[in-house]
């Protein structure tokens, strides 16, 4: 019978997103695009790379809200400005940085510009170097936990430091390329994005300087701990 068939009611109103319901029931809504990002942040908290408060500061300001203009260049404040509060670590998830530096629709319109392309290249090199540094640092930590010879731990950590230095250099080159843009090279909106990217690049360079010092300090602590363990076992 026709009366037994479900009735489809088209949704004419805007999808509702509130502070308590950030994700609507429509799987095609933009609000669902950051599920993976949230999962990544949760994993970094679980791994001890971020505190819950740091993850919240990085993520909550970029969640989609009702009426948000998707064409604006929204980014977590922590990526554009140095944090005034002490951080437990300067390692951060890189997914948001990667997404912004590879957003072709927003970075290359109305037309590609050589300095901007150069900056994007340096930014991707920086992100690649930091990704490799994190892998090496993790391996060094594992070797230290397994009481591997100091030379093995030092080798991994020194490689991590070298990659962090290279990453900081690439961020510096990215900012320099963006700062070389002339007012006539881009339209006003694109120029504003380029200036913001320059600030982001310099902030990341400063973060990597601090991260390098953090890694060096960690290695010194590991070495001191190994020395104490040897004295106890002797």
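The values are calculated or read from the model by the stated rules, or taken from the named source; none is laboratory data. Just so it is clear, the model here is predicted, and its values are computed rather than measured. Glycine gets a Cβ as well: all are built from the backbone with ideal geometry, and neighbour counts include every protein chain shown.
Taking residue 231, is it over 28 Å from residue 94 (Cα atoms) and either modelled with pLDDT of 85 or more or surrounded by fewer than 19 Cβ atoms within 10 Å (Cβ to Cβ) (or both)? Explain how you work it out, then say what you get.
Numbers: over 28 Å from residue 94 (Cα atoms): yes; either modelled with pLDDT of 85 or more or surrounded by fewer than 19 Cβ atoms within 10 Å (Cβ to Cβ) (or both): yes.
So residue 231 fits the description; yes.
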Identify all residues within segment 184-199 that are modelled with pLDDT under 90, crowded, with 18+ Cβ neighbours inside 10 Å and either in contact with a strand residue (DSSP E or B) (Cβ under 9 Å, 6 or more places away or on another chain) or part of a helix (DSSP H, G or I) (or both); write none if there are none.
190, 193, 194
